[in-house]
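K.L.:
Handing you this structure, nothing more for now.
The values are calculated or read from the model by the stated rules, or taken from the named source; none is laboratory data. Please read these numbers as outputs of a predicted model, since none were measured by experiment. When we count neighbours, we look across all protein chains shown, and the Cβ atoms used for this are built from the backbone with ideal geometry, even at glycine.
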Amino acid sequence: MNRDRPWEMREAEWRSRVNRVRAGKRLAPSRWPGGARCAFALSFDCDHETFEMGAGSAAIGRLAWGEFGRRTGTPRVLEVLRKHSISASFFVPAVAALIEPDALIPITEAGHEIGVHGWIHENTSLLTRDVEKDLMLRARDALGSITGTTPVGHRAANWDLSENTIDLVAELGFLYDSSMMADDSCYELLSNGSPTGIVEIPVDWVRDDAVYLLFNREPNTRPWTPPEFVFDIFKREFDAAYAEGGICQLVMHPFVIGYRSRIWILDQLIQHAKSYGDVWFPTHADLSAWVSDPANT
């Protein structure tokens, strides 16, 4: 395809591109565990230093910013989750885990899930199939070796997928992916029109803390949304999911949400959800298992 003249694409080509990976059947169960009305699935991307290194840089100050996520942000997140006795999913680049393996112990000992999030937070869309497969395997093996449990979930760094990513996720035996945005309910992924058996737990930029609160010099972006507004957006997402009897899924980053002026967002969101009295807080692995079980449809 000529990127400067996309209108010249033949129908066979644009159909092939659209159908390479596509949403299949919606996995919206008729019931939730324990009579809950909706599910609230919290996830945390522990990019830490790899947020910088995966982009090909190693600025000392920005590496320290990533270290804040492990040293301070994650403990604050864990304390909020402990306070409310709920479980969540933590997606960790393998290199971020290998820098300080013991930092995963408080996460796993609290019963939270660890998922694959790349080798070094690399841009998956730039990789050949062989390189992507190698990195995905190495990342899964590294996390499994550290935690003693083989990860069942995959999330592409920056949600950048190649045309091979979902096929590899299926080939390597993952149960779910959480990198795509075709729905706000779970769905089965199709590859070239064929069901893969992989559950997609969809993400979206509107439900990601970094969109509103991340600071960058290059590209030149600044936090533009007050924390109170971020709380309101996430709260409205949850309230709508509750009204529909569906899922609210959020993505947060310990080096973004973990500051004193922001961690309250997580705390009050959970308080708000729990005030309804009939909300299920699953890990992504638990959510995937539930929505894919035919007994729950």
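K.L.:
Within the range 6-28, can you find the residues that are assigned to a loop (DSSP other than H, G, I, E, B) and within 23 Å of C186 (Cα to Cα)? Steps first, please.
P.N.:
Residues of the range 6-28 assigned to a loop (DSSP other than H, G, I, E, B): 9-10, 20, 27-28.
Correct list: R20, L27, A28.
K.L.:
A further question on this structure: Could you grab me the full set of residues in the range 170-190 that are touching a strand residue (DSSP E or B) at 6+ places or on another chain (Cβ under 6 Å), in contact (Cβ under 8 Å) with a residue 60 or more places away in the chain and not acidic (D, E)?
P.N.:
Y176, M180, A182, S185, C186, Y187, L189, L190
K.L.:
Shifting gears a bit: Among the helices (runs of 4 or more DSSP H) lying completely within the range 54-124, list those that include at least 2 residues that are buried (at least 21 other Cβ atoms within 10 Å of the Cβ) and either among the polar types (S, T, N, Q) or out of contact with any Pro (no Cβ under 8 Å at 6 or more places or on another chain) (or both).
P.N.:
Working: elements: 60-68, 74-84, 94-99, 105-109.
Of the helices (runs of 4 or more DSSP H) lying wholly inside the range 54-124, those with at least 2 residues that are buried (at least 21 other Cβ atoms within 10 Å of the Cβ) and either among the polar types (S, T, N, Q) or out of contact with any Pro (no Cβ under 8 Å at 6 or more places or on another chain) (or both) span 74-84, 94-99.
K.L.:
Is the range 130-142 home to any residue that is outside any helix (DSSP H, G or I) and either of a type outside the set (V, I, T) or more than 15 Å from the chain's Cα centre (by Cα) (or both)? Break it down stepwise before answering.
P.N.:
First pass over the range 130-142, keeping only residues outside any helix (DSSP H, G or I): none.
No, there is no match, as no residue in the range 130-142 is outside any helix (DSSP H, G or I) and either of a type outside the set (V, I, T) or more than 15 Å from the chain's Cα centre (by Cα) (or both).
K.L.:
Still on this structure, I have one more. Conditions first: (1) out of contact with any strand residue (DSSP E or B) (no Cβ under 6 Å at 6 or more places or on another chain); (2) surrounded by 12 or more Cβ atoms within 10 Å (Cβ to Cβ). E8 passes all but one, so which condition is the exception?
P.N.:
With respect to (1) out of contact with any strand residue (DSSP E or B) (no Cβ under 6 Å at 6 or more places or on another chain); (2) surrounded by 12 or more Cβ atoms within 10 Å (Cβ to Cβ), E8 is out only on (2).
K.L.:
Another question, then. Do we have G258 as crowded, with 19+ Cβ neighbours inside 10 Å, at pLDDT 95 or above and in contact with a helix residue (DSSP H, G or I) (Cβ under 7 Å, 6 or more places away or on another chain) here?
P.N.:
Working: crowded, with 19+ Cβ neighbours inside 10 Å: yes; at pLDDT 95 or above: yes; in contact with a helix residue (DSSP H, G or I) (Cβ under 7 Å, 6 or more places away or on another chain): yes.
Yes.
K.L.:
Here are some conditions: (1) basic (K, R); (2) surrounded by 16 or more Cβ atoms within 10 Å (Cβ to Cβ); (3) assigned to a loop (DSSP other than H, G, I, E, B). R31 meets all but one. Which one does it not meet?
P.N.:
The failed condition is (2).
K.L.:
Of the numbered conditions (1) more than 22 Å from L42 (Cβ to Cβ); (2) modelled with pLDDT under 95, N158 fails exactly one; give the number of that condition.
P.N.:
Against the list (1) more than 22 Å from L42 (Cβ to Cβ); (2) modelled with pLDDT under 95, N158 comes up short only on (1).
K.L.:
Then there is this: Of the residues R62, R70, R76, which single one is under 18 Å from the mean Cα position of the chain (by Cα) and over 17 Å from G148 (Cβ atoms)? Steps first, answer last, please.
P.N.:
Numbers: R62 fails: under 18 Å from the mean Cα position of the chain (by Cα); R76 fails: under 18 Å from the mean Cα position of the chain (by Cα).
Going through R62, R70, R76 in turn, the sole match is R70.
K.L.:
Which one is surrounded by the most Cβ atoms within 10 Å (Cβ to Cβ) among residues in the range 271-289 that are part of a helix (DSSP H, G or I) and more than 18 Å from the chain's Cα centre (by Cα)? Explain how you work it out, then say what you get.
P.N.:
Kept after step one, since they are part of a helix (DSSP H, G or I), are these residues of the range 271-289: 271-274, 284-289.
In the following step, the residues that additionally are more than 18 Å from the chain's Cα centre (by Cα) were identified as 271-274.
Values: Q271: 13, H272: 17, A273: 23, K274: 15.
It comes out as A273.
K.L.:
Take the conditions surrounded by 14 or more Cβ atoms within 10 Å (Cβ to Cβ), touching a residue at least 40 places away in the same chain (Cβ under 8 Å) and touching a strand residue (DSSP E or B) at 6+ places or on another chain (Cβ under 7 Å) and apply them to L213. Does it pass?
P.N.:
For L213, the condition - surrounded by 14 or more Cβ atoms within 10 Å (Cβ to Cβ), touching a residue at least 40 places away in the same chain (Cβ under 8 Å) and touching a strand residue (DSSP E or B) at 6+ places or on another chain (Cβ under 7 Å) - is not met.
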